[in-house]
Every structure is written in structure tokens, then in C-alpha cells.
1. Working carefully through the options 176, 186, 214, 200, find the one that is part of a loop (DSSP other than H, G, I, E, B) and free of Cβ contacts under 8 Å to residues at least 40 places away in the same chain.
2. When the residues of the stretch 221-238 are narrowed to those that are of a type in the set (D, E, K, R) and in a helix (DSSP H, G or I), which ends up modelled with the lowest pLDDT?
3. Taking the stretch 345-355 as the search range and keeping residues that are of a type outside the set (Val, Ile, Thr) and either touching a Phe, Trp or Tyr at 6+ places or on another chain (Cβ under 7 Å) or more than 19 Å from residue 236 (Cα to Cα) (or both), which one is surrounded by the most Cβ atoms within 10 Å (Cβ to Cβ)?
4. Failed condition for residue 104, given (1) closer than 30 Å to residue 152 by Cβ; (2) assigned to a strand (DSSP E or B), with all others met?
5. Give 120, 170 a once-over and let me know the one that is β-branched (Val, Ile, Thr), modelled with pLDDT of 90 or more and not in a loop (DSSP other than H, G, I, E, B).
6. Scan the stretch 55-73 and report the pairs whose first residue is assigned by the TED database to the domain that holds residue 112 and whose second residue is modelled with pLDDT of 85 or more and in a loop (DSSP other than H, G, I, E, B), with Cβ atoms within less than 6 Å and a gap of 6+ or a chain change.
7. Check 133, 114, 186 and return the single one that is under 30 Å from residue 75 (Cα atoms) and surrounded by 11 or more Cβ atoms within 10 Å (Cβ to Cβ).
Amino acid sequence: MQIFQPPPRERERERERVNNSDFVFIDTPGVSSLDKSDFDITFGYLPRLECAIICQDINQGGLTKSVIDFISQNLDIKNNLIFCLTKSDLKPQNIRENIKKSVLEQLKDLNIENLEDKIVFTSTKEPNTELLNLINNNFYSKFAEIKKQKIAKNTKIFSKELSQILKQRVELIDFNTDELDEKLKNIQKEEDKIQDEIQNQQIKLDKFIQSLENKIYSECLNNIPLLKNGETQEFFENMIKIIEENTKNYFNDYFVFNANDMDLGTFENMKKDLNMNQSIKFIIAEGFPFVLDKIGSVLATIPKVGIIFKGFQLLSMPLSLAGGFLANQIEKLVAKNPAEVAKMATLVVMNFTKGYIEKISNEQIFEPLKNKLQTTKDSIGDTITLKSKKIDEIKKTKKDMEKTIIELENFINS
């Protein structure tokens, strides 16, 4: 077989015409090969394919089914194809044209631009100038256009991949707030615990005050004979002892209280309370001058208890009120209704005793608990806000991703 060999200088020019730094030619085994590895190699290059020269032996009378299938699967580059009917020198001109018409018929439904001009006869016995011109006119001169097509093609490929990734991510988006829910649950438990503690302490305080009142009344009633006998100092000392011991035990469960820190202003209203019952005023007035010094000495020996009796010093009255008339009045009242005397004495004492105990309880017990409760409530509010913010952020992320997926799919399908 005679092979066409152009002169050296012409071969150099032809080589220069074929060589182009913007294109890379890859010679693959072909899609019609019976060897599966050849077939796999050819299809392995498809993602990088922007244009192709499809060579078909003219002796086969047209394109094989494998070639037709290959083109049908790569319609995005259909206008960048050149069809070479090789070994054309083996067929007479009229047969060549008939085979070309056959190829045109095979490809007519693909609507390839200028298809007839892209089917060329080649032979090793001819210079194949027509093929070189086709390469130059359809590939080299259209580099910018082919590059643009490649970018668009790859952009769609990547957009499709990104769309699939985003769809998977959307499906995996988790609105799980278990960690925050557990934290909120624990804080709410703490809130309930503090509220229970406040309630329990209030119940305990109410019971203590009621118990103290009962003990004072019982002590007053038991010591009425002391008043009847004029032993007012011992009467008040016994009452002081009851209040002192019980109050000390109650407060020492929570804190150490210094008597020097007591607010004496609390007892200013006691004078008004005394005016509510003239008989009790006489009784206490009779007893106070004799027991104030004793009260002061008792308080001085108990630094841990700031008991209310230091305030009695504010209520001292002139000794001139004491006398036979006063003693006579006390004796009559005690003889007539000792229970009423004990009741009124208890009422007056408990009026300012209860107020001061509640004041100290609020300052030392309830206020710290309420502050702790408020801090807990703030924590609950912060946690709920954080949970809501997290859910909102997740929802926004999901919405943004879904919007992006729609935009990508619109682009892919455009």
C-alpha cells in the first residue's frame, strides 16, 4: 500500500497546523472495540471531551450502532464533531458519496449544525488537507466559543453535584435541642426546688411565730401570780427567757446574728401599740423600770442572738407612774380576768416581736432565696432564648439551602 508522504518542509507546515497549545488530542481505542478495556478507556475520557474527530472505516458502509449511541449520549458537543470516513481511497467516488449520504441519514435526527460539511474522506495516500481545514475552522478558530461551552458544561455538572449534596444536607438537618432541653429541665428543677424552699421556710416561720406566741401566752398565764404578788421583774424575766431561747434556736439554724447590729428603730411603734390597751400599758410600765438593767445584762452575755428586747430601752417610763393606785389596778385586773391579762400582754409583745423576726427572716433567709430564684428565672429565660435562636438559625439555614437548590436546578434545566 502506498502511503502519502509530503516533502519535509510541507510536513513541518502541516504539523504546525495541527499542533495547538490550546487543545490536547487524545487517541482512544474507540467505542466499537470488542475489548471492554478499550471501551472503558474511551468512555473514561468523556468528562474531559469538548470536541471529537470520529473515525469510521468506510468499508463498514456507515456509522456503527456504538458510534451512534456514543453521539446520542454526548449531545452537548454534537456541533463540535468531525466525521472521518477512513480508507476512502479504497472506494470509488460514487460509492464514497453514497456512504456519506448514508451517514447523513443516520445523523439527521440529531440536528447537527452544518453536518454535511463536517463529513470528510481521509486516506493515507492523500494529504488530508480538507480534514486539516475542518480542524482549524471548527476547533482552533472557535477556541473562545468552545472554552465558553466547556465552562458552561462544567458549571452545570458541578451545579448538579452541589444540588445533590445540598439535598442530602437538608435531609440531615437536625432541629435537635436535647442539650438545651436538658439544661432547661435542670434549671427548672432548681427553680421548683427554690420555690419549695421559700414555701417551706414561710410555713416554718409561721409555725415558729405561732408556737412562740403560744409559749409566751402560756408563760404569761402561768406567771399571773407573780403580777398579783407584785413580782413584775420576775414576770418579765420569764417572758424574756422564753422569747430569747426560742428565737436564738430558730435563727441559729441559718446564721450567727450579732445583737449590736439590731435596728432599734423597729420598736418605736411599740408606744402606739401600748396605747391600744391602757391596762397592759400599766402592767408593762410597772415592770419595765425594774427589769431594763437585767434585760441589758442578758443581751450583753449573748452576742450571737440579736433578740428584740434591747428595744425595750426606748420604752422606759417615769417611775412616778408606779404606786399604790397602779398596784391596786393591777390586782383588780388580775383577780377579775387573768386570762385576758395574759392574752393582752402576749398580743403587745408579739406585735413587735413578730415584726422584727419577720424583718430579720426576710433579710437573712427570704431575700437570698428570692435573689437566687430570680437568677434561676433569668437563666431559664436565657436558655429559652438561646434555644429559640438556635432553631431560628437552623430554619434559616434550611430555607437558604432549599432556595439555593431551586436556583441550581433551574440553572441545570435551563
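1. Result: 176 is the single residue among 176, 186, 214, 200 that is part of a loop (DSSP other than H, G, I, E, B) and free of Cβ contacts under 8 Å to residues at least 40 places away in the same chain.
2. Pass one, the stretch 221-238, residues of a type in the set (D, E, K, R): 228, 231, 234, 237.
Applying the additional criterion that residues be in a helix (DSSP H, G or I) yields 228, 234, 237.
Working: 228: 69, 234: 76, 237: 74.
My answer is 228.
3. Filtering the stretch 345-355 for residues that are of a type outside the set (Val, Ile, Thr) and either touching a Phe, Trp or Tyr at 6+ places or on another chain (Cβ under 7 Å) or more than 19 Å from residue 236 (Cα to Cα) (or both), the one surrounded by the most Cβ atoms within 10 Å (Cβ to Cβ) comes out as 352.
4. (2)
5. Numbers: 170 fails: modelled with pLDDT of 90 or more.
None of the other options fit; the residue is 120.
6. Correct list of pairs: 56/63; 57/87; 58/87; 58/91.
7. 133
Residues are listed down the side, and each one gets a yes or a no for (1) basic (Lys, Arg); (2) more than 60 Å from the chain's Cα centre (by Cα):
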| residue | (1), (2) |
| --- | --- |
| 48 | yes, no |
| 53 | no, no |
| 63 | no, yes |
| 86 | no, yes |
| 89 | no, yes |
| 122 | no, yes |
| 130 | no, yes |
| 136 | no, yes |
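The values are calculated or read from the model by the stated rules, or taken from the named source; none is laboratory data. Quick caveat, the model's predicted, so the values are computed rather than measured. Glycine gets a Cβ as well: all are built from the backbone with ideal geometry, and neighbour counts include every protein chain shown.
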